[in-house]
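Presented below is the structure to which this report refers.
The values are calculated or read from the model by the stated rules, or taken from the named source; none is laboratory data. Source: prediction; values computed, not measured. Cβ placement follows ideal geometry from the backbone for every residue including glycine, while neighbour counts extend to all protein chains displayed.
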Amino acid sequence: MALNMMKKLILPILLVTTALGTAVGTAVAQSSKTAMGQISAKTQYAAPFTDPANVRADLARIDASMNATTTFQGDFTQVAPDGVVSNGRIWLQRPGKVRFEYNEPNPLLIVSDGVTLVQNDRQLETFDRVPLSATPLNYFLKENINLAEDTEVTALQKYPGQWIVTARDGSGEQEGTMTLVFDSETLALQTWIIADDFGGATRVQLSNLQYNGRIDPRKFVLREDSNRRGR
């Protein structure tokens, strides 16, 4: 299967958000009009930035918060573009490792070992792979997160209770936008959204998160033979 097709199959599953209503819709719509290019120290920020003068400082605070989180685990609820709702468990360990384990009847299991992201359909017994570096997850699974340098930040909107950052791939190799939602007080990552250029987006809400605890390293290993034996 071609890499671009694989990315289209896997990436829609990796989108996380709360119900943000029209605020996020406006941010994504406006951000798509922003010219592509790497953010530099001379970047002039304007709308859709709530606080243009402090964007770099705000991004640095967000980077520091995410870099202080080495692991988390908890629950997620995903709403697909067609409205289908799925639930499951998530384990994340930086750098590079994540596991999305869906509850039945959704047969999917998604695991990154730090290099390759694998989507396993446990019902069909299929295993599809894409390089982690080719997915938006790579930006906040890095050992050292730096949104201003690693992405093109197209919006940073500050609301009571939430900060919402919208970004896209500065190299132009990946399509669509990524929106990260943070608690405005703690700057803990609450949600993320990845929207394609055709208006589609998948939404997943994180809950019951436990931070910086030990995670069994076997959570990030997915072997085809052992998976089949466990069926």
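Inside segment 57-66, residues that are farther than 14 Å from Ser184 by Cβ and surrounded by 15 or more Cβ atoms within 10 Å (Cβ to Cβ) make up a count of 3. For segment 152-182, residues that are touching a strand residue (DSSP E or B) at 6+ places or on another chain (Cβ under 9 Å) and part of a strand (DSSP E or B) total 20. Going through segment 197-210 one residue at a time, which ones are under 13 Å from Ala80 (Cα atoms) and not β-branched (Val, Ile, Thr)? The answer is Gly199, Gly200, Ala201, Arg203, Gln205.
Filter segment 69-87 for residues that are part of a loop (DSSP other than H, G, I, E, B) and either in contact with a Phe, Trp or Tyr (Cβ under 9 Å, 6 or more places away or on another chain) or surrounded by 14 or more Cβ atoms within 10 Å (Cβ to Cβ) (or both) and give the result. Working first, answer last.
Quick first cut of segment 69-87, residues part of a loop (DSSP other than H, G, I, E, B) only: 69-70, 80-84.
Of everything in segment 69-87, those that are part of a loop (DSSP other than H, G, I, E, B) and either in contact with a Phe, Trp or Tyr (Cβ under 9 Å, 6 or more places away or on another chain) or surrounded by 14 or more Cβ atoms within 10 Å (Cβ to Cβ) (or both) turn out to be Thr69, Thr70, Ala80, Pro81.
Being modelled with pLDDT under 90 and either in a strand (DSSP E or B) or surrounded by fewer than 22 Cβ atoms within 10 Å (Cβ to Cβ) (or both) is a description that does not apply to Glu185. Here the strands (runs of 3 or more DSSP E) wholly within segment 88-143 that include at least 2 residues being surrounded by 19 or more Cβ atoms within 10 Å (Cβ to Cβ) are 97-102, 108-113, 116-121. None of Asp150, Asp128, Asp216, Asp183 is over 30 Å from Asn54 (Cβ atoms) and touching a Phe, Trp or Tyr at 6+ places or on another chain (Cβ under 9 Å) except Asp216.
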